[in-house]
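> Following this message is one structure expressed as structure tokens.
The values are calculated or read from the model by the stated rules, or taken from the named source; none is laboratory data. What you see is a predicted model, and the numbers here were worked out from it, not measured in a lab. Please note: Cβ atoms are built from the backbone with ideal geometry, for glycine as well, and neighbour counts cover all protein chains shown. Calculation scope for accessible area: heavy atoms of the full protein, side chains included, ligands and nucleic acids excluded. Shrake-Rupley method; radii C 1.70, N 1.55, O 1.52, S 1.80 Å.
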Amino acid sequence: MLSPSRTVSSRLLRTGSWLPLWLGSVRNAASSLQKELIKKRELEKDELRPLYMDFQATTPMDPRVLDAMLPYQVNYYGNPHSRTHAYGWESESAMETARKQVADLIGADPREIIFTSGATESNNMAIKGVARFYQAKKRHVITTQTEHKCVLDSCRILESEGFSVTYLPVRTDGLLDLELLEASIRPDTSLVSVMTVNNEIGVKQPIKEIGKICRSKGVFFHTDAAQAIGKIPLNVSDWKIDLMSISGHKIYGPKGVGALYVRRRPRVRLEPLQNGGGQERGLRSGTVPTPLAVGLGAACSIAQQEMEYDHHRVSMLANRLVQKIMSEIPDVIMNGHPEQRYPGCVNLSFAYVEGESLLMALKDVALSSGSACTSASLEPSYVLRAIGADEDLAHSSIRFGIGRFTTEDEVDYTAEKCIQQVRRLREMSPLWEMVQEGIDLKSIKWTQH
């Protein structure tokens with residue numbers, strides 16, 4: 001008896017219907033090959049790479065961090081959880097040194113630091129872990145509408161499990177209303193989660209005051225500090241923070257590693273997301289990658305030593321960029337609070353210019369129109385919508401990220417190119433022409449055809 005595949009093949013051969021199928025597959029293969037060749041040609045072009053001005057998406061690794069990591073990639077490759085020989089002991093020693101370096105940066109005890117794969121995992125662990133552990137008595141969580149996607153999505157998962165979640169609005173300057181927060185806390189509230197520095201508009205929330213409110217109400221307080229750690233001073237004890245998420249690649253460390261600070265006194269209990277060998281106090285099973293942990297520790301140590309200098313320099317460069325652009329172009333809005341902010345994150349809206357068009361025009365500068373985690377979406381930024389920005393202004397925003405390795409020349413070049421391209425795009429815009437003629441666009445009743 002013929003197999004089904006042989007029967008189908010025979011039928012195709014007899015009828016001649018194999019020809020379109022064969023031609024289609026050849027066409028698809030040729031198209032894929034053509035795309036790969038174009039991509040390869042573009043990558044092989046001997047052209048200068050764009051200037052990097054997207055430090056909120058990721059940071060280049062500091063060479064000193066790489067120097068610290070290399071021995072543990074090559075020579076000291078033992079499993080840090082192997083307790084019976086020198087290979088394990090030396091890796092464990094390096095891991096614990098790194099744990100202390102992370103703890104020292106935020107004023108914590110090294111035993112309170114749990115290594116993770118990054119801030120997304122840390123946020124998931126903190127929010128889901130606390131909510132699920134205390135769900136017998138408390139089933140309410142509070143966060144804000146401007147949190148990172150992984151925080152908002154974790155809260156939506158909890159909602160699907162029957163938890164109640166309050167998404168607090170923020171003011172037009174991006175800051176949380178503390179009275180509204182206090183009024184929102186209920187007897188069954190287990191956790192409040194508010195990010196320290198916003199990844200899109202750079203607004204710095206009043207974390208110390210939020211910590212006091214939460215402690216007085218007997219509610220755990222979690223903050224996503226991925227954009228803040230190593231850039232502004234943080235102290236988990238003084239600020240009464242119970243859980244804090246940390247990312248390696250936002251502070252000139254390696255990608256694929258982060259940490260979660262979990263307070264020991266008063267003790268915070270979590271239900272682990274993954275189970276196994278019981279590493280990391282049983283909260284995060286799995287072998288800790290020693291080279292990555294060492295890299296995170298080194299990045300934290302360097303940040304602690306150079307934070308003041310870096311902050312001063314980044315502030316100077318950010319002021320230079322904003323002043324150059326705003327002195328030359330009218331109708332530019334800085335999104336977020338003008339002072340309560342991390343200066344290295346500058347989010348500007350250019351009225352009457354489409355943000356994506358401006359990004360394409362500035363192809364020799366690596367910039368973003370919002371969070372790298374949601375940049376594939378053409379929807380306007382939910383953070384800008386949350387602070388009350390009009391949809392057209394939300395669509396016209398560009399995020400400029402300035403960091404440790406940004407130079408004055410790069411800032412000047414970016415400002416000049418931005419000024420030049422905004423003027424060019426506005427000259428092509430009928431809306432800009434109408435505004436120049438004194439027409440109030442909001443008074444026009446647009447019709448669809």
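> I want the antiparallel fraction of DSSP beta bridges within the chain, as a percent rounded to 5. Each step should come with its number before you reach the end.
On the way: 20 of 37 bridges.
Roughly 55 percent of the beta bridges in the chain run antiparallel, per DSSP.
> Which whole-Hz couplings ³J(HN,Hα) result when phi for each residue of segment 191-201 is put into the Karplus expression 6.51 cos²θ - 1.76 cosθ + 1.60, θ = phi - 60°, listed in order with x for Gly and Pro?
8, 10, 10, 9, 6, 6, 10, 6, 6, 9, 10
> Taking the highest mean first, how do the peptides 193-199, 300-306, 255-261 order by number of other beta carbon atoms within 10 angstrom per residue? Don't jump to the answer; show the numbers that get you there.
On the way: 193-199: 26.7, 300-306: 18.9, 255-261: 24.3.
Going from most to least packed, we get 193-199, 255-261, 300-306.
> Over segment 63-302, with the other protein chains present, what is the accessible area per residue in square angstrom, probe 1.4 angstrom? It would help to have the intermediate numbers written out before the result.
Numbers: 9240 Å² over 240 residues.
Value returned for segment 63-302: 39 Å² of accessible area per residue.
> Tell me the carbon and sulfur percent of the accessible area for the chain, rounded to whole percent, probe radius 1.4 Å. Walk me through the numbers before you get to the answer.
Details: 12020 of 22670 Å².
Summing carbon and sulfur atoms, their accessible area is 53 percent of the total for the chain.
> Starting from the eigenvalues of the Cα gyration tensor, five times each then square-rooted, give me the equivalent ellipsoid semi-axes of segment 307-443, largest first, whole Å.
Working: eigenvalues 127, 59, 42 Å².
Its equivalent ellipsoid spans semi-axes of 25, 17, 14 Å.
> Suppose only helical runs count, i.e. DSSP H with n ≥ 4. What mean residue ellipticity at 222 nm does that imply for the chain under -39500 (n - 2.57) per run, divided by all residues and rounded to the nearest 500 deg cm²/dmol? Walk me through the numbers before you get to the answer.
Values: 14 runs with 200 residues, N = 449.
Calculated at 222 nm, the ellipticity per residue is -14500 deg cm²/dmol.
> Beyond 27 Å between alpha-carbons counts as too far, so tell me which of Lys100/Lys255; Lys100/Lys138; Lys204/Lys255; Lys255/Lys417; Lys149/Lys231 fall in that bin. Intermediate results must be reported in sequence, preceding the final value.
Working: Lys100/Lys255 20 Å; Lys100/Lys138 33 Å; Lys204/Lys255 24 Å; Lys255/Lys417 31 Å; Lys149/Lys231 22 Å.
Beyond 27 Å: Lys100/Lys138; Lys255/Lys417.
> Further, regarding this structure: Can you give me the P(r) profile for segment 63-302? Cα pairs, bins 5 angstrom wide beginning at 0, each as a whole percent.
1, 7, 15, 19, 19, 16, 10, 7, 4, 2, 1, 0
> Consider the candidate values (1) 1.16; (2) 1.60; (3) 0.95; state which one is Cα Rg over 2.2 N^0.38 Å computed from the structure displayed.
Step by step, Cα Rg over 2.2 N^0.38 Å for this structure corresponds to label (1).
> Now a separate question. Subtracting the Cα-Cα distance from 0.36 nm times the residue separation, let me have the gained length for Ser237 to Gln420 in nm, one decimal.
Numbers: separation 183, 0.36 × 183 = 65.88 nm, distance 4.82 nm.
Working it through step by step, the gained length comes to 61.1 nm.
> Students often check this: by mean Cβ neighbours within 10 Å, which of 218-227, 157-166, 320-329, 100-109 ranks highest, and how do the rest follow?
On the way: 218-227: 24.9, 157-166: 14.5, 320-329: 16.8, 100-109: 20.4.
Sorting 218-227, 157-166, 320-329, 100-109 by mean packing, highest first, produces 218-227, 100-109, 320-329, 157-166.
> Quick one: which residues, 5+ away or cross-chain, put their amide H under 5 Å from the amide H of Leu51? H built at 1.01 Å from N.
Amide H neighbours of Leu51: Val365, Ala366.
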